[in-house]
Amino acid sequence: MTSVPTPISTNPIALRTRRQASIYEQQRRWGWIFLSPWLIGFFAFTFIPIVASLIFSFTDFTLTRPDRISFVGLNNWLKLFNDPLALNALRVTIGFALLSLPVAIALPVLLAALLNSKYLLGKPFFRLLFYLPYMVPAISGIFIWQAFLNGQTGWLNRLLRLMGISEPPNWLGNEFWIGPAMVLMGVWGVGNAMLITLATLQGVPQELYDAAKVDGADAVKAFFKITLPMISPVIFYNLILSVIGLLQYFVVPYVLTRGTGNPNGAAYFFNMHLYRTAFLFQDMGYGATMAWFIFLIAIVLTIILFATSRRWVYYAGGE
Amino acid sequence: MSRKVLFILFLAAAIALMPTLSNAQAQSRTVVTWFVGLGTGAQPAQIEAQNRAVEKFNASQNEIELKINIAASFEAAYDALATLFAAGDAPDIIGPVGFLGANSFADAWLDLQPFVEKYNYDLSQFPESLVNLYRTEEGLMGIPFAVFPSLIFYNKDLFDEAELPYPPSDFNQPYVLNGEEREWNWDTLADLAVELTVDANGLTPNDPGFDPNQIRQFGFIQQWALLRAELNTFGGHPVYDPELGKVVLPDYWREQLRWTYNGLWKRHFIPNATYEGSELLQPSAFASGNVAMARVPLWYTCCIGDLKSNWDLAVVPSYKGQYHVPTDADTFRITKASKNPDAAFKVLTYLLGEAAPELLLVYGGYPARPDLQEAATKLRQESFPSVTNWDIVPKSLAYAAAPHHEAFFPNFSKGMQRFADFRSQLYGDTGKDMDLEAEINKLEADLQAIVAEVVGR
């Protein structure tokens, strides 16, 4: 038997396929190279710390004496449910969320509707005016508000006194008023949500309104029956971000109360307790447990919101 | 194309290696790292002076390479240092740092006594009372560097306006109030402060019709104070007594809290938190020119430049015939984790010795070494011509309240936070209606629980 040499393929289709495969291979390689800075950063600074923090939550790890780390099982988790400060901090966080969430959701919609109105003159000016505070760095903004809300010399109370209210509230010194004061401060942050809502509002087809008008709908009815359903995906988006943002709420109360959470613990949010525990008291094990606890709450709330969204969020192009 | 990829990777590796190669020579020396930020040291002028001190040291010998690591800010320093410890990359020397900063990293410090003996370091150049501040059961945890006794800063112009005599410029001097010669104690200060407190209608708290919601000038403030420092003005006491196994708040601390409560909410000569945050008392209470007297450590000269009035210094009042002066103290410490403690000790002696005059100057510290004190006083005299009583500063050191108001107790950071929360409650609006005795008992019980979390674990 004589062996027949395998002929080199001269088939143009096979050649093209091989060349294309080579190009794909190169593109894939370059794709990974371009992605690698982000991937390395993600693994080094996000994924690995997340996994490490989960492991820490079952240990008594402290930053200054890492050599003394030992496994404590579920002790940190049991401690969390018996820690009155943690439970109070959670109560403060949830209470503030209930107070702040309606404002954070409704105000951008109202402002966007206002800015979208054909009767409003100087729209670009108002758009700028409402968006501008969002650009102010958080810490500077807090200091400005701190001066504005001071019970003695703050402009708000001066104004209230001029209006005849002789004893206006001590916004930052009273446990009842500090919550509304922080909601008021949060109003400065609605610029971004307002702008996204406005962009969506401007995309609602005019024909829908024209048809509603022909059917005899007034402006209020058109708003609830057309505008709201059409912008519901953006409201849903803002809602998800607001819920997560509220569970991460830290900078404002921390700076405002100089880390104390007072008056009477009314501004002692869960993340302040977490920060104190992990970084001031250096109890990283228990701090990691708290971080995971608030993360789990965020996950559960997000799942619930997504589940309910099928009932009230309308996607014009389908889901 | 794959060759190009290899070339890029090679280039990146070469760039990454460059600093290592350039540092190769420096690595042949023993490297000592100096971490700055737990106390002062992060201001531009201080950074320059510290860098100069490092350069001078490195140029002066060939055995040690001193490297400095300055935290971005005081606020960031704790986290940065904790991270360095956790990463097993602890610095050799940390400072300047006070007791508060040091105790936040308790168990991290090296006993210096063996090195003092090994290198015959002369501790007698420092007052013994200051050296003893650093002696603990574990040994000698530091060597004195800068001290800041508490003083009464007073606004001469406000006293002149009220036609009241200035407070005493020396210990054991009386004060004449309304023609009556009285011991200069905290009760006298309170009565004097009431006379210096004025509302929008020019009335003092002693006058009928005084409006506590419209105060325009206050008599006294414990400025930027830790609660334990305020308590120590009536006498020092350990928070936790290991022999009794208990946290005890002594009666004189309870009395100090009653004194403060009355000053805040009944006699209105101390500004509450709302007033302190108001425009009236900016940029800081005493520097605003609207507070007649402030008990604050000497380091406050750092921040008094905005005060347009003439001011001077007086002695801290006595309590039951005894003076108790809360005194802050900063120094440099060597960490237990230092891989080169001998080299670190050499650097430490340099910082406390040759480099000390310039560093003390930029830190605003009063020298613990008596031979440097005269120059420090002269410098302050030039900066603050209205002040005549500088001699109170060294005299006050003899009355330093002990134990120190930042002295360690088990679960220190958590316990100190509880003290801070109590102060915030007392000075905030919540203080007005608080049941003081019940809250003091609660503070004691909470501190007991906090200590118990770690004692015997």
* Take chain A, connect every pair of alpha-carbon atoms lying under 10 Å apart with a spring to form a Gaussian network, then pick out the residue of A:LEU99, A:LEU107, A:LEU159 with the largest mean-square fluctuation. => A:LEU159
* Structure fact -> For the range A:75-312, shape from the Cα gyration tensor axes a ≥ b ≥ c, cut at a/c of 1.5 then a/b versus b/c, turns out oblate
* Run the numbers on chain A and let me know its relative contact order in percent, using alpha-carbon pairs under 8 Å that are six or more apart. => 26 percent
* Computed label-point distance, nm, for sites B:ASN51 and A:ALA219 using a 7 Å Cα→Cβ extension -> 6.2 nm
* Please give, to one decimal in nm, the separation of the simple spin-label points placed at A:PHE125 and A:PHE45, each 7 Å out from Cα toward the Cβ. => 4.2 nm
* Structure fact -> For peptide B:101-108, the mean count of other chain Cβ atoms within 10 Å per residue Cβ is 2
* Asked: For B:GLU75 and A:LEU35, what is the calculated FRET efficiency with R₀ set at 35 Å and r taken between the beta-carbons, to the nearest 0.05?
  -> 0.50
* To do: For an R0 of 41 angstrom, estimate the FRET efficiency from the Cβ-Cβ distance between A:TYR134 and B:LEU123 and round to the nearest 0.05.
  => 0.10
* **Rounded, prolate or oblate (a/c below 1.5 giving rounded, otherwise prolate when a/b exceeds b/c) for the range A:1-158 by Cα gyration tensor** => oblate
* For A:ARG158, put the label point 7 Å out on the Cα→Cβ axis and report which residues of the range B:261-300 keep their amide N under 17 Å from it. => B:275-283
* **Cβ-derived FRET efficiency at R0 41 Å, A:ASN88 paired with B:GLU243, nearest 0.05** => 0.75
* Contact order relative to length of chain B, as percent, for alpha carbon pairs under 8 angstrom and 6 or more apart -> 23 percent
* Structure fact -> If one compares the long axis through the Cα atoms of helix B:74-86 with the longest principal axis of the Cα atoms of chain B, the angle in degrees, nearest 10, works out at 40 degrees
* Would you order B:ILE70, B:ILE221, A:ILE244 from fewest to most other beta-carbon atoms within 10 Å of each residue's own beta-carbon? => A:ILE244, B:ILE70, B:ILE221
* Structure fact -> Along the dipole axis of chain B (charges at Cβ: +1 for Lys and Arg, -1 for Asp and Glu; origin at the Cα centre), the most positive-end residue among B:TYR134, B:ASN201, B:ILE440 is B:TYR134
* Asked: What length, rounded to one decimal in nm, is gained on full extension from A:PHE143 through to A:ILE299, with 0.36 nm per residue of separation minus their alpha-carbon distance?
  -> 52.9 nm
* Under a Cβ-Cβ cut-off of 12 Å, what is the net charge of the residues other than A:ARG276 that fall near it, where Lys and Arg count +1 and Asp and Glu count -1? -> -1
* Would you look at the GNM of chain A, springs on alpha carbons closer than 10 Å, and say which of A:SER57, A:SER100, A:SER309 moves the most? => A:SER309
* Structure fact -> Taking a crude spin-label model, label points 7 Å out from Cα along the C-beta direction, the B:GLU374 to A:ILE165 distance in nm is 6.3 nm
* **Positive minus negative residues near B:THR388 (Lys, Arg vs Asp, Glu; Cβ under 13 Å)** => -1
* Prolate/oblate/rounded label for the protein assembly as shown (Cα gyration tensor, a/c 1.5) -> oblate
* **10 Å Cβ neighbours from other chains, averaged over peptide B:416-429** => 4
* Over chain B, what is the percentage of antiparallel beta bridges among all DSSP beta bridges, to the nearest 5? -> 65 percent
* **Acute angle (nearest 10 degrees) that the helix B:44-60 long axis makes with the longest principal axis of chain B, alpha-carbon atoms** => 40 degrees
* Relative contact order computed over the range B:60-159 (Cα-Cα under 8 Å; 6+ residues apart), in percent -> 17 percent
* To do: Report the local net charge at A:PRO263: Lys and Arg +1, Asp and Glu -1, summed over other residues whose C-beta lies under 15 Å from its C-beta.
  => -3
* Structure fact -> Within 10 Å of the Cβ of an average residue in A:262-268, the count of other chain Cβ atoms is 4
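FYI, it's all coordinate maths here, none of it is from the lab. Values in this document were obtained by computation on a predicted structure and should not be read as measured data. With ideal geometry, Cβ positions are generated from the backbone for all residues, glycine too; neighbour counts draw on all protein chains shown.
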